[in-house]
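The values are calculated or read from the model by the stated rules, or taken from the named source; none is laboratory data. Just so we're clear, the structure is a prediction, and the values are computed from it rather than from any experiment. Using ideal geometry, Cβ is built from the backbone for each residue, glycine included, and neighbour counts are taken over all protein chains shown.
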Amino acid sequence: MEPADVRDDLTEVLLTEQQIHEKLAEISRRIETDYAGRSILLVGVLRGAVMVMADLARELKSPEVEMDWMAVSSYGAGTQSSGVVRILKDLDTDLTGRHVLIVEDIIDSGLTLSWLRANLESRGTASVEICALLRKPDAAKVEVDVRYVGFEIPNAFVVGYGLDYAEKYRNLRAIGILAPHVYT
Ligand code: 5GP
């Protein structure tokens, strides 16, 4: 789905599909350099990170890349972070000695990620780093070291490229700001 297909529901297109792909290619080159000679376990956070994971993983030019998934509770149908993190689906992979790269769509309060990182580190990993496509200003308030950030975005509710509002708009190719009339 293109922005034109949901024009009335967006106040603005923040990032085009091409901008996203160029950024993921850039990040992938950095990851290849940083992890040279090591295998990586990409851990995608369902469901928002599905698109980032798919494009980032395919951009990485190495067979030493595995993928696994976790689902944790997040916003539900609203637009406010609950601050409560629950594991809805855990990993299938043993993390002992693994270099884990958490792949996230967006960091808002940072609560989800700081909790997730500590959780994975407690499982005997060799390293845990974070890659997030988007970061909002509030993330600065929480101590969470994110190694790879795609774009710093304003404090607005965004949808598309995996990010939903009430499970919709995930299939939008671009990322846009959701018009308030949609959720009020
Ligand atoms: P945090 O714990 O950092 O506040 O929240 C992270 C999660 O909240 C993200 O993985 C995402 O699911 C959701 N989230 C935060 N901001 C937005 C946003 O602007 N749009 C959408 N669709 N989800 C968001």
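Only one residue in 95, 113, 133 is assigned to a helix (DSSP H, G or I) and in contact with a strand residue (DSSP E or B) (Cβ under 9 Å, 6 or more places away or on another chain). Which one? Full working, then the answer.
Values: 95 fails: assigned to a helix (DSSP H, G or I); 133 fails: assigned to a helix (DSSP H, G or I).
Just one listed residue meets the conditions, 113.
Across region 114-139, what is the total count of residues that are among the hydroxyl-bearing types (Ser, Thr, Tyr), over 19 Å from residue 85 (Cβ atoms) and crowded, with 17+ Cβ neighbours inside 10 Å?
0
What are the residues in region 116-130 that are of a type outside the set (Lys, Arg) and either over 17 Å from residue 41 (Cβ atoms) or part of a helix (DSSP H, G or I) (or both), if any?
Step one: filter region 116-130 for residues of a type outside the set (Lys, Arg), giving 116, 118-122, 124-130.
Those that are of a type outside the set (Lys, Arg) and either over 17 Å from residue 41 (Cβ atoms) or part of a helix (DSSP H, G or I) (or both): 116, 118, 119, 120, 121.
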Determine the pairs where a residue that is in a helix (DSSP H, G or I), located within region 22-36, has a partner that is surrounded by 12 or more Cβ atoms within 10 Å (Cβ to Cβ) and among the polar types (S, T, N, Q) with Cβ atoms under 8 Å apart, the partner being 6 or more residues away or on another chain. 32/62
Name the one entry in 4, 49, 54, 77 that is modelled with pLDDT of 95 or more and either more than 19 Å from residue 129 (Cα to Cα) or loosely packed, with under 13 Cβ neighbours inside 10 Å (or both). 4
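Do we find a residue being near the ligand (Cβ under 10 Å from one of its atoms), over 23 Å from residue 167 (Cβ atoms), modelled with pLDDT under 95 and crowded, with 21+ Cβ neighbours inside 10 Å anywhere in region 103-111?
Yes, region 103-111 contains at least one residue that is near the ligand (Cβ under 10 Å from one of its atoms), over 23 Å from residue 167 (Cβ atoms), modelled with pLDDT under 95 and crowded, with 21+ Cβ neighbours inside 10 Å.
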